[in-house]
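Encoded as C-alpha coordinates, the structure appears first; notes follow it.
The values are calculated or read from the model by the stated rules, or taken from the named source; none is laboratory data. Given the structure is predicted, the values throughout are model-derived calculations rather than measurements. Reconstructed Cβ throughout: ideal geometry from the backbone, glycine too, with neighbour counts over all protein chains shown.
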Amino acid sequence: MEQNDFKELPIEELLNKQKTFKTSLAFFCGILIVMFIVCFLFTLSKGFSAFSLLPFVFFPMLVGFINNLQKIKKEIQIRNSSM
(Lines give C-alpha, C1' and ligand atoms only; values in the text may rest on other atoms or scores of the structure.)
Protein backbone atom coordinates (compact mmCIF):
# COMPACT_ATOMS: atom_id res chain seq x y z
CA MET A 1 0.00 0.00 0.00
CA GLU A 2 1.46 3.33 -1.02
CA GLN A 3 1.44 6.49 1.05
CA ASN A 4 -0.90 8.07 -1.50
CA ASP A 5 -3.57 5.59 -0.45
CA PHE A 6 -3.25 6.80 3.13
CA LYS A 7 -3.68 10.43 2.06
CA GLU A 8 -7.08 9.67 0.56
CA LEU A 9 -8.48 7.99 3.69
CA PRO A 10 -10.47 9.88 6.33
CA ILE A 11 -8.83 10.35 9.73
CA GLU A 12 -11.19 7.87 11.43
CA GLU A 13 -10.21 5.15 9.01
CA LEU A 14 -6.52 6.00 9.45
CA LEU A 15 -6.87 5.63 13.21
CA ASN A 16 -8.65 2.31 12.69
CA LYS A 17 -5.88 1.11 10.35
CA GLN A 18 -3.24 2.21 12.87
CA LYS A 19 -4.91 0.17 15.60
CA THR A 20 -5.19 -2.84 13.28
CA PHE A 21 -1.55 -2.56 12.21
CA LYS A 22 -0.36 -2.28 15.82
CA THR A 23 -2.29 -5.41 16.79
CA SER A 24 -1.08 -7.30 13.72
CA LEU A 25 2.48 -6.19 14.31
CA ALA A 26 2.45 -7.34 17.94
CA PHE A 27 0.98 -10.70 16.96
CA PHE A 28 3.47 -11.14 14.10
CA CYS A 29 6.42 -10.20 16.33
CA GLY A 30 5.33 -12.78 18.88
CA ILE A 31 5.06 -15.47 16.24
CA LEU A 32 8.42 -14.50 14.75
CA ILE A 33 10.13 -14.66 18.15
CA VAL A 34 8.65 -18.11 18.80
CA MET A 35 9.71 -19.17 15.31
CA PHE A 36 13.31 -18.00 15.95
CA ILE A 37 13.45 -19.92 19.23
CA VAL A 38 11.95 -23.12 17.80
CA CYS A 39 14.16 -23.02 14.73
CA PHE A 40 17.25 -22.39 16.85
CA LEU A 41 16.45 -25.35 19.09
CA PHE A 42 15.58 -27.49 16.07
CA THR A 43 18.89 -26.58 14.44
CA LEU A 44 20.81 -27.48 17.59
CA SER A 45 19.12 -30.84 17.92
CA LYS A 46 18.69 -31.97 14.30
CA GLY A 47 21.21 -29.87 12.43
CA PHE A 48 20.74 -27.29 9.71
CA SER A 49 17.78 -27.67 7.35
CA ALA A 50 15.46 -25.53 5.24
CA PHE A 51 13.26 -25.15 8.33
CA SER A 52 16.12 -23.20 9.94
CA LEU A 53 15.70 -20.40 7.40
CA LEU A 54 11.98 -19.78 7.92
CA PRO A 55 12.33 -16.89 10.40
CA PHE A 56 14.64 -15.10 7.98
CA VAL A 57 12.16 -15.57 5.16
CA PHE A 58 9.39 -13.88 7.19
CA PHE A 59 11.59 -11.04 8.48
CA PRO A 60 10.98 -8.77 5.42
CA MET A 61 7.26 -8.94 6.19
CA LEU A 62 8.01 -7.49 9.62
CA VAL A 63 9.90 -4.64 7.98
CA GLY A 64 6.91 -4.00 5.70
CA PHE A 65 4.52 -3.92 8.68
CA ILE A 66 6.75 -1.41 10.46
CA ASN A 67 7.11 0.80 7.36
CA ASN A 68 3.34 0.91 6.79
CA LEU A 69 2.72 1.71 10.45
CA GLN A 70 5.22 4.58 10.28
CA LYS A 71 3.54 5.93 7.13
CA ILE A 72 0.15 5.86 8.85
CA LYS A 73 1.54 7.61 11.94
CA LYS A 74 3.17 10.26 9.76
CA GLU A 75 -0.07 10.91 7.87
CA ILE A 76 -2.01 11.18 11.16
CA GLN A 77 0.55 13.68 12.50
CA ILE A 78 0.32 15.74 9.31
CA ARG A 79 -3.47 15.89 9.58
CA ASN A 80 -3.46 16.69 13.29
CA SER A 81 -0.95 19.50 12.81
CA SER A 82 -3.00 21.05 10.01
CA MET A 83 -6.20 21.20 12.09
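At a glance:
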quantity	calculated
Single residue of region 17-28 satisfying the filter (surrounded by 13 or more Cβ atoms within 10 Å (Cβ to Cβ) and among the polar types (S, T, N, Q)) that is farthest from K74 (Cα to Cα)	S24
Residue check for L44: exposed (fewer than 11 other Cβ atoms within 10 Å of the Cβ) and not hydroxyl-bearing (S, T, Y)	yes
Hey, F36 free of Cβ contacts under 8 Å to residues at least 40 places away in the same chain, in contact with a Phe, Trp or Tyr (Cβ under 7 Å, 6 or more places away or on another chain) and surrounded by 11 or more Cβ atoms within 10 Å (Cβ to Cβ) or not	no
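For (1) farther than 27 Å from I76 by Cβ; (2) at pLDDT 95 or above; (3) in contact with a Leu (Cβ under 7 Å, 6 or more places away or on another chain), each residue gets a yes or a no:
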{"residue": "G30", "(1), (2), (3)": "no, yes, no"}
{"residue": "I33", "(1), (2), (3)": "yes, yes, no"}
{"residue": "C39", "(1), (2), (3)": "yes, no, yes"}
{"residue": "L44", "(1), (2), (3)": "yes, no, no"}
{"residue": "G47", "(1), (2), (3)": "yes, no, no"}
{"residue": "V57", "(1), (2), (3)": "yes, no, no"}
